Amino acid sequence: MCAEILFKGGRVFTPGGFAEAVLVRDGRIAAVGREADLVRLAPGAEPVDLAGGLLTPGFVDAHIHPVQAGLERAKCDLSGVFGLDAYLTKIAEYAAAHPDREWIDGGGWDMSAFPGGLPHRTQLDFLDRPVYLVQRDHHAAWVNTRALELAGITKDTPDPADGRIERDPDGTPSGVLHEGAMDLVGLLTPRPTAADLDAALMDAQSHLFSLGITGWQDAIVGSYAGSDDQLPVYLSAAESGRLKARVVGALWWDRTRGAEQIPELVERRARADGLPRFRATAVKIMQDGIPENFTAAVIEPYCGCGGTGLSYVDPELLPGYVKELDALGFQVHFHAIGERAVREALDALSGTDPANRHHIAHVQIIHPEDVPRFARIGVTANIQPLWATHHAQMDELCIPYLGPERARWQYPFADLVRHGTRLAAGSDWPVSSADPLQGMHVAVNRTEPGGSVHASYPTAQTPFLPEQRIDLRTILTAYTAGSAWVNGSPAGVIEPGRPADLVVLDRDPFALEPGEIWTTRVRMTFLDGECVYHA
């Protein structure tokens, strides 16, 4: 790492507008200003030519699952293709390439590729091995008959309290396991070794650096839906110095238990004390599921099918749990998608200490009466912008069951901003692309970015609730300063004294037509002034 680096030849994104150049000294931002002034200040600095592009703070993903993503990238990964034929081709290729693997497991399939959002076990019965494939949103799994047999799942198997076994008309399990039912098969799949988890984290870190992401909050550090506890791999990578990104782990709240688990969470948090790149200071509470399988918690019943979804943690008990976590200095990181779940999370967070930087992720549906409460209570809205478009899952599996009024309450980014809500942003990768620039494109346009697997959907370029678009500066701030604030990171802003976590973009997205934002790419990524990615 050079002692002095001068970034020049483009524009610099700062809180007050744009600057011409940035001087970095010993890994920290030393000066921001006019290029000529900084050249005189440090004539011997190593130059980095922005070549007309934009220099931004390093992006911070406030809700992501990198270890899980890394594991899936090493397995049967369906995320890059779409449709039953493409899935079956990919699965067959993977099985042929790995004849010794006891299970065919992986994930990335999209509900919208199947009628009613439901694949079937018989579509996978061409394989002589059990199959377990997690849905793109990680709220369901597609399994074959052999996997159901190994798990002992029959007509007589009851649904778990926090999930559902999809069934044929005669009651036979069809091969789709929703939410907590995923564990019935998922826990039987081969467990990754410590080396597998380490390789997954390192692969994910490299991929995220290539997208300009220099920090993140891992939204599940614990065991969930057949996954393995990821705290040890983070501790090992941080202790050895191989974890270079700034990371907060959100410790998993076991929804089958109550306050008796809180002392364990305190102990798990303490295991990361003193580590330079990793802290386990948040607790993740998953309050509901998703609307596509009717598990998102809504106030009025779903149209055409009834039911109001699931509240995974008893809303009567939830405020007490949150109050205790808040008093212990934990940050609470909620998953809340349906408007009832959002309301339950806001109710639980009322009266908590804003200094703990609590946030609610996803916030897909917010009742209009609850939109002003985020700013009033001091709760950050942790948004995943990529989902706010017209695509098959939205138009065919979501809107029809929400109904016209409630469908208009989805992803109300502009309304949140108008009420003064702090925004953080993330991807939920591997649920969707980790690329922040794709997310920014959607936040500004409310249309699918080019190159997306959904870009050819008939209404993909019709803006989804265009009145909820926000401007590029607002969403770029959410991906930098907003998410860094949630993580308690000193980075996220380009100003003197801050760590030199920086991203060089190949063009200036502010100079592009809004519909072209998605074409922007990352050229270089720096952490503490060290180049960790060069295109």
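For this structure, a couple of remarks:
- Matching option when the condition is in contact with a Cys (Cβ under 6 Å, 6 or more places away or on another chain), of a type outside the set (A, V, I, L, M, F, W, C) and at pLDDT below 95, among G117, G180, G106: G106
- Test: G515 is within 30 Å of P354 (Cα to Cα) and at pLDDT 95 or above: no
- Being more than 25 Å from G378 (Cα to Cα), outside the structural domain of G10 (by TED's automatic domain parsing), of a type outside the set (G, A, S) and modelled with pLDDT under 95 is a property that holds for V431.
Rundown of residues vs (1) surrounded by 16 or more Cβ atoms within 10 Å (Cβ to Cβ); (2) under 30 Å from T189 (Cβ atoms), yes/no style:
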site	(1), (2)
A31	yes, no
P47	no, no
G58	yes, no
D61	yes, yes
A96	no, yes
W103	yes, yes
G106	yes, yes
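- Taking every residue in the range 1-30 that is over 12 Å from A42 (Cβ atoms) and pairing it with any residue that is aromatic (F, W, Y), at least 6 positions away or on another chain, the pairs with Cβ-Cβ distances below 6 Å are R11/F18.
- Candidates K284, K244 - the one that is within 19 Å of the chain's Cα centre (by Cα) and among the charged types (D, E, K, R): K284
- Spans of helices (runs of 4 or more DSSP H) in the range 428-535 with at least 2 residues under 20 Å from the mean Cα position of the chain (by Cα) and within 22 Å of A21 (Cβ to Cβ): 472-477
- Qualifying residue in the range 286-294 (condition: in contact with a His (Cβ under 7 Å, 6 or more places away or on another chain) and in a helix (DSSP H, G or I)): yes
The values are calculated or read from the model by the stated rules, or taken from the named source; none is laboratory data. Remember, predicted model here, so these are calculated numbers, not experimental data. A quick note on method: Cβ atoms are made from the backbone with ideal geometry, for glycine too, and the neighbour counts reach across all protein chains shown.
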